[in-house]
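Only one structure is covered here, and it is reproduced in the block below.
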Amino acid sequence: MQENTPVLSLPVKQWYWTTPSVSAERATVRVVGEVENALYADVTADVSVRLFDPRGKKVAEKAIPRVAAAALKCGSFAAELEVAKPVLWELVDPAPLYTVEVAVASGDGKARCEDVERVRVGIRSFEFKVDDGFHLNGRRVQLNGVDLHTDMCILGMSFNRSVMRRQLKRMREMGANALRTSHNAQAPELLELCDEMGFFVWNECFDKWDGTCGRGDRNLEAFVERHLKAWTRRDRNHPSVFAW
């Protein structure tokens, strides 16, 4: 193994955050993930989780020492951070985003490197009420949405961030604050823009895959399961995604 080869790393799609409790006074942010060990020997890793507010100020930190990772396996970790008077994510532009930073280093000297991953998140609570519709951060919000297909007009299927930002701005001028990704997983940059600009996303991976999809008698269950797992892991940290 080369000297600069990472032997302890954080597979970013293998860790995620949730907000078990959210209020205007206090929020709990829970981060769960794995440390990947590329050595042919058992190691321990020191993990630290830090949370930065929308202005870049560190507001919470948690250390998880000596996370065990067997040879060529992953070791799991979890951390809960308390945030006083959180700035809640809203359907506004720009929407306030926190940053979760997860860092890993050797806990026993066997590993030669460290890894750091950063993900922008939004602290918010939401629920669908039977008699009163959708609620965001404790108050009712009327969702006005569109079905957004993947084409970029004359650009075709090539994603362009500035063009997508312009489209979202035009949608907001029309009164839209939500979109459905019709009919497949779209570019992750779209969700990043929705995080930044405060759009609700009804995230869709497939239009259909059973006997109505026009693919004859092929069994697509294995294909569907594999891609649904990858899609969910890719998109689950986006605060703009409320429904799947």
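The values are calculated or read from the model by the stated rules, or taken from the named source; none is laboratory data. Remember, it's a predicted structure, so these values are computed and weren't measured experimentally. Note: ideal-geometry Cβ built from the backbone for every residue, glycine included; neighbour counts use all protein chains shown. Please note that ligands, DNA and RNA were not included when accessible areas were found on the heavy atoms of the full protein model with its side chains. Shrake-Rupley method; radii C 1.70, N 1.55, O 1.52, S 1.80 Å.
Couple of notes before you dig in:
- In degrees, nearest ten, helix 188-197 long axis to first principal axis of the chain (Cα): 70 degrees
- Each principal axis of the Cα cloud of the range 132-178 was taken in turn, and the coordinate range along them, longest first, works out to 41, 17, 16 Å.
- For the range 109-197: rounded, prolate or oblate by the Cα gyration tensor [a/c cutoff 1.5]: oblate
- For the chain, the per residue solvent-accessible surface stands at 54 Å², with DNA, RNA and ligands left out and a 1.4 Å probe.
- Contour excess over end-to-end distance, with Cα ends at Val141 and Arg236 and 0.36 nm allotted per residue: 32.0 nm
- Full-extension gain in nm, Glu101 to Glu192, via 0.36 nm per residue minus C-alpha separation: 31.1 nm
- Qualifying trypsin sites (Lys or Arg not before Pro) in the range 153-202, DSSP loop, other Cβ atoms within 10 Å at most 14: none
- Low-density loop cleavage sites - GluC sites (Glu not before Pro) in the range 17-74, where at most 10 other Cβ are within 10 Å (DSSP): Glu25
- Ordering Ser158, Cys74, Phe199 by Cα displacement along the dipole of the chain toward the positive end leaves Phe199 in first place; charges were set at the Cβ atoms of Lys, Arg (+1) and Asp, Glu (-1).
- Taking label points 7 Å from Cα along the Cα-to-Cβ direction, Ser23 and Ala78 give a separation of 2.3 nm.
- Stokes-Einstein D (µm²/s) once Rh is taken as the Kirkwood radius of the chain over alpha-carbon pairs, at 25 °C in 0.890 mPa s: 122 µm²/s
- The chain: relative contact order in percent, alpha carbon pairs under 8 Å with at least 6 residues between: 17 percent
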